[in-house]
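The values are calculated or read from the model by the stated rules, or taken from the named source; none is laboratory data. Predicted model only: the values in this text are computed from it and were never measured. For neighbour counting, all protein chains shown are included, and Cβ atoms are generated from backbone atoms with ideal geometry for every residue, glycine included.
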Amino acid sequence: MTLTRAICTLGGVGLLRPGPGTWGSAAAIVLGVGIDHLLGFPALVVATLLVTGIGYWALSVELADRPGDDPSEFVIDEVAGQWLALIFPAAAFWSRGMEDWAIAAYPGWLAAFLFFRLFDIWKPSLVGRADRRHDALGVMLDDLVAGVFAGICVIISAGIAHGVLMR
């Protein structure tokens, strides 16, 4: 396996069936929560930026001779998008001085996972537009937009759950 293929498949996680995107997202949650837990929120932000850049490079190399292709086993884009969704609850807890939130606040990362998968599969609005680019940037960009949508939904859901429902 070449380096770029290993990156694109997240070391083979994308080869798992069924639902390689879901497996990639699940692995991303475990890795992202681990990064946040062990190294802190700033490290999660840096890791997200790095995986986005490295993932885009690897996708560009792997898809250079395959225009319009988006192989289901390529899940590095799910990692980038899932970590972006995870940044939203992680930032909320970090801003309140709650560094080790992931174990006690599992609804935050679980909601990030579920909302991300919803937007990644459904591909509404800007997610679908990015997906229709049919190039390496589109492969990465649709998941990043899905990650932003998911992160916003996590924060709105937390506000409703902790504001309205807890009264």
**Request:** Hey, could you check the stretch 71-102 for residues that are surrounded by fewer than 24 Cβ atoms within 10 Å (Cβ to Cβ) and among the charged types (D, E, K, R) and say which is modelled with the highest pLDDT?
**Result:** Glu73
**Item:** Conditions (1) touching a residue at least 12 places away in the same chain (Cβ under 8 Å); (2) more than 11 Å from the chain's Cα centre (by Cα): number failed by Asp120
**Value:** (2)
**Fill in**
Contact list, first residue from the stretch 140-165 and touching a residue at least 40 places away in the same chain (Cβ under 8 Å), second anywhere and among the charged types (D, E, K, R) and assigned to a helix (DSSP H, G or I), beta-carbon distance below 7 Å, six or more apart or interchain, is Met140/Asp77; Asp142/Asp131; Asp143/Asp77; Asp143/Glu78; Asp143/Asp120; Ala146/Asp120
**Message:** For the list (1) under 20 Å from Leu31 (Cα atoms); (2) at pLDDT 95 or above, I need the number of the one condition that Ala105 fails.
**Reply:** (2)
**Request:** Return the pairs, sorted by first residue and then second, in which the second residue is surrounded by fewer than 16 Cβ atoms within 10 Å (Cβ to Cβ), the first residue lies in the stretch 54-65 and is under 14 Å from Gly11 (Cα atoms), the beta carbons are less than 8 Å apart, and the residues are 6+ apart or on different chains.
**Result:** Ala58/Leu3
**Complete:** Note on the stretch 146-156: residues surrounded by 19 or more Cβ atoms within 10 Å (Cβ to Cβ) and either within 21 Å of Pro67 (Cα to Cα) or out of contact with any Gly (no Cβ under 9 Å at 6 or more places or on another chain) (or both) are Phe149, Gly151, Cys153
**Message:** Can you name every one of the helices (runs of 4 or more DSSP H) wholly within the stretch 1-118 that holds 2 or more residues which are closer than 18 Å to Asp142 by Cα and of a type in the set (Ser, Thr, Tyr)?
**Reply:** 20-39, 41-62
**Message:** Can you tell me how many residues within the stretch 116-136 are surrounded by fewer than 24 Cβ atoms within 10 Å (Cβ to Cβ) and either on the phi > 0 side of the Ramachandran plot or touching a Ser or Thr at 6+ places or on another chain (Cβ under 8 Å) (or both)?
**Reply:** 4
**Request:** Looking only at the stretch 5-22, count how many residues are surrounded by fewer than 20 Cβ atoms within 10 Å (Cβ to Cβ) and free of Cβ contacts under 8 Å to residues at least 60 places away in the same chain.
**Result:** 9
